[in-house]
Structures are given as C-alpha cells and as structure tokens.
Amino acid sequence: MAEYRDGGSAAVSVTIHGLRASAEGLDMTQKLLPSANTVAFYTERYFAVVRWSNTDREPLTTLITKLEKALK
C-alpha cells in the first residue's frame, strides 16, 4: 500500500495485491463494494485499488493510466 498527501486535503492511496491467476482479479473486482472516489482494476498478475479525496481529475487519471501500464 502506498499513500500520497499533498500537505493539504488531497490524498491518494494505492493498494496492490499479487494474483496467482487472473481469474482471482475478476473475483476480487466483483466482491469489492462500490464506493465513491474508488477505482479498481486487475491485470494477469495484479489487482489494484486506488482511493482518493480532494484530488484533481487530470493527475489522478494520469496516475491510474500509468499504474495500469506498469502492472501489465
């Protein structure tokens, strides 16, 4: 798990789980309860959950896109 705070009210946390099979990622995605300011995704080997508060959309989108590419 990694957390980022900008010294103000913005915060982002990322939790990444290793998977034995990509089917585990689908299962974890389906079991994750919907929540505001949260996105989850999985690749063949990883399941990631990104949560944020008071964060600008553009840098957040960039972070999620780069995470997805890095975890492939």
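The values are calculated or read from the model by the stated rules, or taken from the named source; none is laboratory data. In this text the structure is predicted, and so the values were computed from the model without any measurement. Note that we place each Cβ from the backbone using ideal geometry, even for glycine, and neighbour counts take in every protein chain shown.
For the stretch 46-54, the criterion of being aliphatic (A, V, I, L, M), at pLDDT below 95, surrounded by 13 or more Cβ atoms within 10 Å (Cβ to Cβ) and out of contact with any helix residue (DSSP H, G or I) (no Cβ under 7 Å at 6 or more places or on another chain) is met by none of the residues.
If you check SER35 against the conditions, is it without any contact (Cβ under 8 Å) to a residue 40 or more places away in the chain and part of a loop (DSSP other than H, G, I, E, B)?
yes
Evaluated against (1) modelled with pLDDT under 95; (2) touching a Lys or Arg at 6+ places or on another chain (Cβ under 9 Å), LEU33 falls short on exactly one condition, (2).
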